[in-house]
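The values are calculated or read from the model by the stated rules, or taken from the named source; none is laboratory data. Owing to the predicted nature of the structure, the values given are computational and were not obtained by experimental measurement. With ideal geometry, Cβ positions are generated from the backbone for all residues, glycine too; neighbour counts draw on all protein chains shown.
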Amino acid sequence: MSNEFTFRRQDAELNESKALPAAQSTAVNQTAIDLGQTPAQGALLAGCELEIGAPALGATPLPNGTTLTYSVEDSADNLSFATIADAVLVQTGAAGAGAAAATKRFRLPTSVRRYVRAVATTGAGTGDCSGSEFTQKLLT
């Protein structure tokens, strides 16, 4: 038997989706997930991961060489956010076909603040990606 941790449990209320940006060099923020407590308040978050799901994108929204970058931010007050993990997932348009769907999990650090969210940012030259949605899930 393996001693490996697996994060598969999820709460439907901690699963969000949002349309991707409609213009180049633009960011879209997911609705923040309230962790309720932080490690400084005694919460044990070592067993939490934020899963980011990126949709497949065609060559029109994501032409060759253009990128869509997904990052993770946190906040103490749900107003002022700071990046805690930049470029957790990057989709790059290639071969005239855009980019395949992808999923990436990010383990929340012990220093994470109360609110966390995923952010999708289009690079220069991207098209309108708003016809597709990206997701975030908190896994425990």
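How about segment 47-71: which of its residues are polar (S, T, N, Q) and either surrounded by fewer than 21 Cβ atoms within 10 Å (Cβ to Cβ) or farther than 10 Å from Ala94 by Cα (or both)? Let's see the steps before the verdict.
As a first pass, look at segment 47-71 and keep what is polar (S, T, N, Q): 60, 64, 66-67, 69, 71.
The answer is Thr60, Asn64, Thr67, Thr69, Ser71.
Regarding Thr83, is this residue over 16 Å from Ala22 (Cα atoms), of a type outside the set (D, E, K, R) and assigned to a strand (DSSP E or B)?
Working: over 16 Å from Ala22 (Cα atoms): yes; of a type outside the set (D, E, K, R): yes; assigned to a strand (DSSP E or B): yes.
Against the criterion (over 16 Å from Ala22 (Cα atoms), of a type outside the set (D, E, K, R) and assigned to a strand (DSSP E or B)), Thr83 qualifies.
I need the full set of residues from segment 88-104 which are aliphatic (A, V, I, L, M), in contact with a strand residue (DSSP E or B) (Cβ under 9 Å, 6 or more places away or on another chain) and loosely packed, with under 13 Cβ neighbours inside 10 Å, in order please.
Start the filter on segment 88-104 by keeping residues that are aliphatic (A, V, I, L, M), which leaves 88-90, 94-95, 97, 99-102.
Subsequent filtering for residues that are in contact with a strand residue (DSSP E or B) (Cβ under 9 Å, 6 or more places away or on another chain) retains 88-90, 99-102.
Across segment 88-104, the qualifying residues are Ala100, Ala101.
Part of a strand (DSSP E or B) and out of contact with any Lys or Arg (no Cβ under 6 Å at 6 or more places or on another chain): is that true of Arg113 in this structure?
On the way: part of a strand (DSSP E or B): no; out of contact with any Lys or Arg (no Cβ under 6 Å at 6 or more places or on another chain): yes.
No: the conditions fail for Arg113.
Mind checking which residues of segment 60-80 are touching a residue at least 60 places away in the same chain (Cβ under 8 Å) and in a loop (DSSP other than H, G, I, E, B)? Break it down into steps so the answer makes sense when it comes.
Applying the first criterion (touching a residue at least 60 places away in the same chain (Cβ under 8 Å)) to segment 60-80 yields 60-63, 65-66, 68, 70.
Within segment 60-80, Thr60, Pro61, Leu62, Pro63, Gly65, Thr66 qualify.
Residues being more than 17 Å from Gly131 (Cβ to Cβ) and not in a loop (DSSP other than H, G, I, E, B): count how many of those fall in segment 86-107. Write out each step before concluding.
So the first thing to find is which residues in segment 86-107 are more than 17 Å from Gly131 (Cβ to Cβ), and the list is 86-90, 92, 94-96, 102-107.
Remaining after also requiring not in a loop (DSSP other than H, G, I, E, B): 86-90, 92, 102-107.
So the answer is 12.
Would you be able to tell me the number of residues in segment 120-140 that are hydrophobic (A, V, I, L, M, F, W, C), surrounded by fewer than 21 Cβ atoms within 10 Å (Cβ to Cβ) and at pLDDT 95 or above?
The qualifying residues number 1.
Collect the residues in segment 33-68 that are farther than 13 Å from Ala120 by Cα, at pLDDT 95 or above and of a type in the set (Gly, Ala, Ser), keeping them in residue-number order.
Ala56, Gly58, Ala59, Gly65
Based on this model, can you work out whether Val116 counts as surrounded by 14 or more Cβ atoms within 10 Å (Cβ to Cβ), of a type in the set (A, V, I, L, M, F, W, C), free of Cβ contacts under 8 Å to residues at least 40 places away in the same chain and closer than 20 Å to Ser17 by Cα?
On the way: surrounded by 14 or more Cβ atoms within 10 Å (Cβ to Cβ): yes; of a type in the set (A, V, I, L, M, F, W, C): yes; free of Cβ contacts under 8 Å to residues at least 40 places away in the same chain: no; closer than 20 Å to Ser17 by Cα: yes.
The answer is no for Val116.
Looking at Gly125 and the list (1) within 16 Å of Glu51 (Cβ to Cβ); (2) more than 18 Å from the chain's Cα centre (by Cα), which single condition is not satisfied?
(1)
Need the failing condition index for Asn15 against (1) surrounded by fewer than 18 Cβ atoms within 10 Å (Cβ to Cβ); (2) at pLDDT 95 or above; (3) assigned to a strand (DSSP E or B), just the number.
Among (1) surrounded by fewer than 18 Cβ atoms within 10 Å (Cβ to Cβ); (2) at pLDDT 95 or above; (3) assigned to a strand (DSSP E or B), the lone unmet condition for Asn15 is (2).
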